[in-house]
């Protein structure tokens, strides 16, 4: 599957995989990948922090729930906005969550903010977290980095593979399947044909009179046997029907089959410049239901202990405008999740009144206007690179985070809480 067969099948199904991406370097993965699975979810449009993990129920200019006197919800040490399905989600998963509030995007541009939070820098040319993860752990795998939504431009390390739709996935992994219940030809006949062809190629291989080009073709055919075996394993894991979150389902199947290490997805609808409550009545449940699905389905597939999930957006949002919507604002929030982490059930970082930026003490995690540092995407990425063991010495991708600005987000002893309610 790492050679011509995957390329041919993917092309026939409309999935673009550059042929050079299938050439594994000497240090590439071999066999089925069984390591950590990184999932990045871009909440596209600019997720309002007041509707998420940085609620403000005392300022009626920020939220309609504050004007109505509705208090924020509390799950463990995490506070959340009383909107959408937030209560069900945070009640179920608070122990897995590190909420990072007061993250300054340094921009209120959709495109620039999307890139900055995906790569850690405003500058172009940096790899996304998914690309760097795939380069470290997934080189040589058929689909090391599955991508659907968010910033998917490669920095030249590993190209993204679009998450196939249901028909493309089935056509690529089950080329003999005309549909979920019918085959193009009898599987028994196909198997006999494949066995006979393999035996013929083995017989050709031992001949001493083959021309060099013919010899290479025979060796490539025989070398593709592992690809066909991998295709068969993937097809055995593919159900007759996919779940409603089809792309997430396909991504988890790819991870279960050991052919991918990371996936980037998107959940949109957060750019609400008017009537934010109506927009978020759909957008928030769509996001929290996707997250809940990932954890439930990964548990069903035996993958939950391997999952690391990050949810981010390009920026936050302002106070309510005259249309009861919210405009772009540089300061926002994101969350990190893992199964049973020692660092869960915490809020790190904070924003001030009207979600103004706050300086956070690197050593204690407390608000510190004198000696603190404003949390920016580069700080989170530097900590994630270290935690995920994907740090790189390549000077082109240096995040330029000084040692005295390295936040220890994953230290369970450090927390900011909610000091500006």
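Structure above, values below:
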quantity: Every residue from the stretch 268-285 that is surrounded by 24 or more Cβ atoms within 10 Å (Cβ to Cβ) and closer than 22 Å to residue 308 by Cα; calculated: 284
quantity: Residue among 379, 328 that is assigned to a helix (DSSP H, G or I), assigned by TED's automatic domain parsing to the domain that holds residue 90 and in contact with a strand residue (DSSP E or B) (Cβ under 8 Å, 6 or more places away or on another chain); calculated: 379
quantity: Selection within the stretch 102-113 - buried (at least 24 other Cβ atoms within 10 Å of the Cβ) and in contact with a strand residue (DSSP E or B) (Cβ under 7 Å, 6 or more places away or on another chain); calculated: 102, 103, 105
quantity: So residue 267, is it under 18 Å from the mean Cα position of the chain (by Cα), farther than 22 Å from residue 49 by Cβ and at pLDDT 95 or above; calculated: no
quantity: Selection status of residue 421, at pLDDT below 95 and part of a loop (DSSP other than H, G, I, E, B); calculated: yes
quantity: Test: residue in the stretch 296-308 that is assigned to a strand (DSSP E or B), buried (at least 23 other Cβ atoms within 10 Å of the Cβ) and modelled with pLDDT of 95 or more; calculated: no
quantity: Any hit, the stretch 280-297, residues being without any contact (Cβ under 8 Å) to a residue 60 or more places away in the chain, in the same structural domain as residue 116 (by TED's automatic domain parsing) and under 15 Å from the mean Cα position of the chain (by Cα); calculated: yes
quantity: The stretch 152-166: number of residues that are on the phi < 0 side of the Ramachandran plot, part of a loop (DSSP other than H, G, I, E, B) and surrounded by fewer than 23 Cβ atoms within 10 Å (Cβ to Cβ); calculated: 7
quantity: Residues within the stretch 349-365 that are at positive phi and surrounded by fewer than 17 Cβ atoms within 10 Å (Cβ to Cβ), tallied; calculated: 1
quantity: Exclusive hit being assigned to a strand (DSSP E or B) and crowded, with 16+ Cβ neighbours inside 10 Å, set 66, 99; calculated: 99
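Per-residue answers, yes or no, for (1) surrounded by 14 or more Cβ atoms within 10 Å (Cβ to Cβ); (2) modelled with pLDDT of 75 or more; (3) in a helix (DSSP H, G or I); (4) in the same structural domain as residue 257 (by TED's automatic domain parsing):
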position	(1), (2), (3), (4)
195	no, no, yes, no
198	yes, no, yes, no
202	no, no, yes, no
207	no, yes, no, no
216	no, no, yes, no
221	yes, no, yes, no
232	no, no, yes, no
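Okay, residues lined up against (1) assigned to a loop (DSSP other than H, G, I, E, B); (2) within 17 Å of the chain's Cα centre (by Cα):
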{"residue": "94", "(1), (2)": "no, no"}
{"residue": "103", "(1), (2)": "no, no"}
{"residue": "111", "(1), (2)": "no, no"}
{"residue": "114", "(1), (2)": "no, yes"}
{"residue": "121", "(1), (2)": "yes, no"}
{"residue": "124", "(1), (2)": "yes, no"}
{"residue": "131", "(1), (2)": "no, yes"}
{"residue": "135", "(1), (2)": "no, yes"}
{"residue": "140", "(1), (2)": "yes, no"}
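The values are calculated or read from the model by the stated rules, or taken from the named source; none is laboratory data. Everything quoted here is computed from the prediction, not taken from an experiment. Note that each Cβ is placed from the backbone with ideal geometry, even for glycine, and that neighbours are counted across all protein chains shown.
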